[in-house]
Amino acid sequence: MMHSLQVPCTKENLKEIRYFVENALNRYEISAEDVYFIKLAIDEICANLIIHAHHCNHEDLIEVKIKNEGDTFIFEIHDQSNDNFNLLEYKVPDIQQIITNKKSGSMGLILVKKIMDEIELERCEGHNICRLYKSIPQANR
Amino acid sequence: MELLIQNEDNFHIISIIGDLDASSSVIFDNALEEAISAKAKNILIDCSELNYISSPGIGAFTSRLEECNQNHIQLVLYGMSPKIENVFKILGLDQLIVIKKTKEEAKIYANDAQFTSPLH
């Protein structure tokens with residue numbers, strides 16, 4: 001089964017994205033804590049794109065797709081922008097540096113990397129896909 | 001998100017109700033800045049009705065932490081759910097930000113720790 005949601009790139013739509021992720025995951029009897037953290041990781045990626053790549057332009061769209069393959073959940077975030085930021089290459093500073101430099105965005109990336117098992121980025125002619133993988137064995141649900 | 005702001009003795013209490021995310025963190029940050037500017041001695045953050053927090057919300061705390069320490073203001077969070085506390089723990093912030101279970105514990109800590117920084 002695939003779940004999909006497309007919304008304009010505004011910060012106000014982050015709540016709708018979280019609601020969509022929660023509803024989709026609740027079909028799989030995943031623990032409330034896992035749902036919370038997955039929702040957080042998707043929110044962090046989407047907020048980063050909406051704010052930094054799209055400058056909250058409501059005419060731009062962002063799409064979240066959720067697929068389940070056995071024990072693995074695949075989350076895809078699709079958008080169209082020319083933002084060159086590569087979160088895979090970004091070296092996250094330590095937490096004390098983040099506090100001193102007041103860069104909360106870096107905390108979001110720490111959370112995504114700690115919550116998700118694997119992150120992939122795909123770029124093709126202005127269409128970007130950020131793919132996040134999370135394994136949740138059925139026995140743990 | 002809604003904020004409920006009240007003063008009890010020498011405690012400035014900000015209750016966060018709802019989701020503290022990228023769209024609401026600025027409102028909370030403004031409330032925190034106002035409390036610091038007003039030279040509140042003890043700022044307590046009631047998280048008992050905080051439903052969700054993401055990095056911009058956490059950033060509102062961390063960006064004001066040094067300012068609070070420099071001004072000898074005790075910033076204490078209390079009443080957060082285990083899920084939200086785990087977000088702080090994942091980031092290692094439970095070692096840098098004071099988190100207490102109840103308002104009473106938060107008040108006792110703030111009174112005892114007056115003029116000492118949690119970072120020292």
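The values are calculated or read from the model by the stated rules, or taken from the named source; none is laboratory data. Bear in mind that the values here come from a model prediction, so they are computed numbers and not experimental data. Note that each Cβ is placed from the backbone with ideal geometry, even for glycine, and that neighbours are counted across all protein chains shown. Side chains are part of the model used for accessible areas, which takes the heavy atoms of the whole protein and leaves out ligands, DNA and RNA. Shrake-Rupley method; radii C 1.70, N 1.55, O 1.52, S 1.80 Å.
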Q | the range B:68-120, residues that are part of a loop (DSSP other than H, G, I, E, B) and either at pLDDT 90 or above or buried (at least 18 other Cβ atoms within 10 Å of the Cβ) (or both) | A | B:N71, B:H72, B:I73, B:G79, B:M80, B:S81, B:L91, B:G92, B:L96, B:I97, B:K101, B:T102
Q: Please specify each residue of the range A:70-116 satisfying the condition of being hydroxyl-bearing (S, T, Y) and either outside any helix (DSSP H, G or I) or open to solvent by less than 20 Å² (accessible area, probe 1.4 Å) (or both).
A: A:T72, A:S81, A:Y90, A:S106
Q: May I ask you to list the residues in the range B:27-45 that are crowded, with 22+ Cβ neighbours inside 10 Å and without any contact (Cβ under 8 Å) to a residue 60 or more places away in the chain?
A: B:L32, B:A35, B:A40, B:I43, B:I45
Q. For the range A:22-39, how many residues meet the condition of being under 14 Å from the mean Cα position of the chain (by Cα), facing chain B (nearest Cβ under 10 Å) and aliphatic (A, V, I, L, M)?
A. 1
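Residues are listed down the side, and each one gets a yes or a no for (1) of a type in the set (V, I, T); (2) in contact (Cβ under 8 Å) with a residue 60 or more places away in the chain; (3) within 13 Å of chain B (Cβ to nearest Cβ):
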{"position": "A:M2", "(1), (2), (3)": "no, yes, no"}
{"position": "A:C9", "(1), (2), (3)": "no, yes, yes"}
{"position": "A:I17", "(1), (2), (3)": "yes, no, yes"}
{"position": "A:I45", "(1), (2), (3)": "yes, yes, yes"}
{"position": "A:H54", "(1), (2), (3)": "no, no, yes"}
{"position": "A:D60", "(1), (2), (3)": "no, no, no"}
{"position": "A:K65", "(1), (2), (3)": "no, yes, no"}
Q: Determine whether the range A:35-48 contains at least one residue that is in contact with a Pro (Cβ under 8 Å, 6 or more places away or on another chain) and among the aliphatic types (A, V, I, L, M).
A: yes
Q. When the range A:20-42 is examined, which residues are found to be out of contact with any strand residue (DSSP E or B) (no Cβ under 9 Å at 6 or more places or on another chain), open to solvent by 40 Å² or more (accessible area, probe 1.4 Å) and part of a helix (DSSP H, G or I)?
A. A:E22, A:N26, A:A32, A:E33
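Residues are listed down the side, and each one gets a yes or a no for (1) of a type in the set (A, V, I, L, M, F, W, C); (2) out of contact with any Phe, Trp or Tyr (no Cβ under 9 Å at 6 or more places or on another chain); (3) over 17 Å from A:K134 (Cα atoms):
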residue	(1), (2), (3)
A:L14	yes, yes, yes
A:R27	no, yes, no
A:I38	yes, no, no
A:A41	yes, no, no
A:I62	yes, yes, yes
A:F75	yes, no, no
A:D83	no, yes, yes
A:Q97	no, yes, yes
A:N101	no, yes, yes
**Q.** Where A:L87 falls short, out of the listed (1) under 24 Å from B:G18 (Cα atoms); (2) touching a helix residue (DSSP H, G or I) at 6+ places or on another chain (Cβ under 8 Å)
**A.** (1)
Q: List the strands (runs of 3 or more DSSP E) that sit entirely inside the range B:1-67 and contain at least 3 residues that are more than 13 Å from the chain's Cα centre (by Cα) and more than 11 Å from chain A (Cβ to nearest Cβ).
A: B:2-8
Q) Does A:C130 satisfy the criteria of being in a strand (DSSP E or B), touching a helix residue (DSSP H, G or I) at 6+ places or on another chain (Cβ under 6 Å) and farther than 19 Å from B:T62 by Cβ? A) yes
